[in-house]
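Step one of this worksheet: look at the structure below.
Nothing in this text is a laboratory measurement; each read-out follows from the coordinates by a stated rule. Predicted, not measured: the structure shown is a model, and the values here were computed from it. Quick reminder, even Gly has a Cβ in these numbers, built from the backbone with ideal geometry, and neighbours come from all protein chains shown.
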Amino acid sequence: MHYYKVRDIADTLKDSFNYLSANGKNLLRIWVLFAAPLFLLHYFLLSKLPIANIMEQFEPEMLLGFNGLNAIDTIMGPLYPLVIITAILSQATSIVIILEHIKCTMDSVPINPEDMSSLLPKILGFSVLYFIISMILGISLLFFFFPFLFVGTKLAVTFQSYIIGEKSLIDSLVHSWNITTYQAWPTFGLLIILILITIMISSLIQIPSEFIRLGLEGTTWMGSDLGEFIFTLISGLFNVLTALATIIFQTVLSFHFFNLSARYSSNISTMNT
């Protein structure tokens, strides 16, 4: 990416959407073939968890300390690990496809569905990184909201460092932390913009989903197993559509990663001279 010029946030957004306009169709085709089925599978598994019963039994059990965790484990049984695994794999597959597609197209290398088998090791490695980031953000949230915002901003382009920058798990964390050092506020502002865009897209998608749900509730066959399956399938498909916001989110962060890397390299060169 030596030819990439330093850009501001507005230009980063413009570059990202120009990229999606030119390459979005091919990226979407690969994403739908491989990431969408995992999101749908995760939704089906999640719909089988007795969430209402869990919430009823969890709160009083919390008074007994760790017994609350035992109660959840008893209620969920073997399905709970599957839900967690599919959640991680679906996100990992989705993000790896997006970032690998950006990396290949920026290097003028075409990427096709048959190339996905070669990405399996990266997806497995990325799953570990995704779990690590989730744990770090979860722990930081325990120390209230501001540490969570700070850590989240500093690690915002860790995924890009791992896939596009081809760094190791630990090096990708360190690299993201370093290149956001002098661009923390712009990165934070960009994250806020992306979160608002994601919320807007999710809301627009959920509105027709709610209308469909209300329309189906009055039908007599909704109480049957077939009706429940159809309703879950429809809801799952809308959930997959919501997950499409990840493409925009990670694409913009990727172009921000190019910008941060260019700035960081420039600062290092200046310091050395």
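Observations, loosely collected:
- Pairs from the table (25/48; 14/122; 103/167) lying more than 22 angstrom apart at Cα are 25/48; 14/122.
- For 210, 228, the sequence from fewest to most other C-beta atoms within 10 Å is 210, 228.
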